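Working notes, structure below.
The values are calculated or read from the model by the stated rules, or taken from the named source; none is laboratory data. Keep in mind that this is a model prediction, so the values were computed, not measured. Cβ atoms come from the backbone with ideal geometry, glycine included; neighbour counts cover every protein chain shown. SASA here: full protein model, heavy atoms, side chains in, ligands and nucleic acids out. Shrake-Rupley method; radii C 1.70, N 1.55, O 1.52, S 1.80 Å.
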Amino acid sequence: MARIAVDMDEVMADTVAEHKRRYNADFGAELTHEDLDGKWLWQCVPPEHHEALGNYLNEPEFFGALPVMPEAQRVLERLSRDHEVFIASAAMEVPASFTAKYQWMEQHFPFIRPSHMVFCGDKSILAADFLIDDNPRQLRLFRGRGLLFSAPHNKYATEWTRVDDWLAVENFFYKQK
């Protein structure tokens, strides 16, 4: 039985989709997924719009509106039957997100016990065998084996085993046996 830590934003929840939706609506823009290839959202908008992007994260309903990544619920439920699964969110980087993220987890992943939700900043503190994360910075800090969950901003990262989606995560853990 492996201990698996799983990031929320851009792994379980499609944060970029909601960010783009709000940004495009507020600024009459047409930012696409492809515009973000190899870049963070902040790098694709004018500096004078950065404050608005940050403000979205402080809106209580932002995290509640996030779509669930396809197959995340089914695969995480399966993994949680066979492994020790912890959700590890860098929520402390946006302290206003804590309650909304917890409520989102309760709504979409009720099979994950609150005792298995870790709200932190620096994920080097995690004592897990695996970390599934989209952020190369967090994977560099992690001491176990990192799995890079594909997202536009990490398109060109090659240092970790890449999992493109939740079906690839499932394949990684169940085809390895």
Quiz item: Name the pairs: first residue in segment 94-118 and modelled with pLDDT of 95 or more, second residue open to solvent by 60 Å² or more (accessible area, probe 1.4 Å), Cβ to Cβ under 6 Å, at least 6 apart or on different chains?
Solution: F111/E77
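Scan segment 115-138 for residues that are in a helix (DSSP H, G or I), open to solvent by less than 10 Å² (accessible area, probe 1.4 Å) and either in contact with a Pro (Cβ under 7 Å, 6 or more places away or on another chain) or not polar (S, T, N, Q) (or both) and jot them down.
The answer is K123, and nothing else.
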Practice problem: Looking only at segment 91-107, count how many residues are in contact with a helix residue (DSSP H, G or I) (Cβ under 7 Å, 6 or more places away or on another chain) and surrounded by 17 or more Cβ atoms within 10 Å (Cβ to Cβ). | Solution: 6
Quiz prompt | Residue, modelled with the lowest pLDDT, within segment 26-77, restricted to residues that are of a type in the set (D, E), part of a loop (DSSP other than H, G, I, E, B) and surrounded by 14 or more Cβ atoms within 10 Å (Cβ to Cβ) | solution = E59
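Filter segment 160-171 down to residues that are free of Cβ contacts under 8 Å to residues at least 60 places away in the same chain and within 18 Å of the chain's Cα centre (by Cα) and give me whichever is least open to solvent (accessible area, probe 1.4 Å).
So the first thing to find is which residues in segment 160-171 are free of Cβ contacts under 8 Å to residues at least 60 places away in the same chain, and the list is 160-164, 168, 171.
If we keep only those that are within 18 Å of the chain's Cα centre (by Cα) too, we end up with 160-164, 168.
Values: W160: 45, T161: 49, R162: 82, V163: 3, D164: 99, A168: 32 Å².
Result: V163.
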